[in-house]
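So the structure is just underneath, and the comments pick up after that.
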Amino acid sequence: MLITPIMGAICIALSVYLGLVIYFPWEIVSWGKSKLLRNYIIPAIITVLIITPFWNKLISLFPITNPYKQPLQTATADIQVIIDSNDAFEPWGKLGNIMLIKGDTDIKKIDGGRSIKVTNQENFFEMWAMSPIYARQFGSNQICYIARMENTLFDERIGKPICELAKAEYAVIRFDNMPKKSKIIRGLVVFTFNSTLRIEIPIPSQVTIDKDVVILETQKYFLAPVKIKKENRYEIHPPKIQ
């Protein structure tokens, strides 16, 4: 069972209170006939007066053991996108990024929902390709794009809880060597935060507008995760979506 810093501080406060109630000889205190006030209320008030000045220090004694609530330090995104194409393609790309988007974003589904256009976007968290984007053909008509994105140490999300990324509603992926209006068959984004937390988000089939690969409803993959510890590594698995 993981103990949060607040719960740990509360346990210390409760220990102080019980110590005052049990071990201090309250019978020597003259307080009329109210034993409840003398034996329980007064110790509670004294406990509050003792604990309050040191509350933040008590919280700092208990590290955040749930990786989902730890401050964000590093982030990587391993991305695989498979498109349907028989055309010639660029095997190497230099520019690419993935953006988690929130706010007043306009989503337009075009061509019966096969294509998704995102406008007026507010970038909530952005990661960039720090190495070339690799593309290779397999089968008769499929091209697989593979990239690794990383965050920068200057991002405003650094130092804030990882769980706040659940505020993002959509994700947009862009590869400079992917053709416009590509027919996406499938794909996968694997986020790794602080080298301990893993979140997988599938990429749905779609036909891109320009070079934007769009993932809707990313919140459901960040909210209510299940923690699984395997060989000193926590993995966060999203709930099963029917």
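Phi-derived couplings, Karplus 6.51 cos²θ - 1.76 cosθ + 1.60 at θ = phi - 60°, listed residue by residue for the stretch 211-221: 10, 8, 9, 10, 10, 8, 6, 5, 4, 5, 8 Hz, with x used for Gly and Pro.
Under the simplified labelling scheme, the residue 158-residue 38 pair shows an inter-label distance of 6.0 nm, with each label point 7 Å from Cα along Cα→Cβ. Working from the Cα coordinates of the stretch 5-63, the gyration tensor eigenvalues give, after taking √(5λ), semi-axes of 27, 10, 8 Å in decreasing order. Among the GluC sites (Glu not before Pro) within the stretch 121-215, those in coil by DSSP and having at most 10 neighbouring Cβ atoms inside 10 Å are 156.
Computed from backbone phi with θ = phi - 60° and the Karplus coefficients 6.51, -1.76 and 1.60, the 3J(HN,Hα) list for the stretch 172-186 is 10, 10, 9, 10, 6, 9, 9, x, 5, 6, 6, 8, 7, 8, 6 Hz; x is used for glycine and proline. Stretching residue 48 away from residue 150 to a fully extended chain increases their span by 32.2 nm, per 0.36 nm per residue minus the current alpha-carbon distance.
One chain, two ends: residue 207 and residue 23. Fully extended at 0.36 nm per residue, the span grows by 59.0 nm beyond their Cα-Cα distance.
Each value in this text was obtained by applying a stated rule to the coordinates, not by laboratory testing. On a predicted model such as this, the values are computed, not experimentally measured, just so you know. Cβ sites come from the backbone with ideal geometry, for glycine too, and all protein chains shown count toward neighbours.
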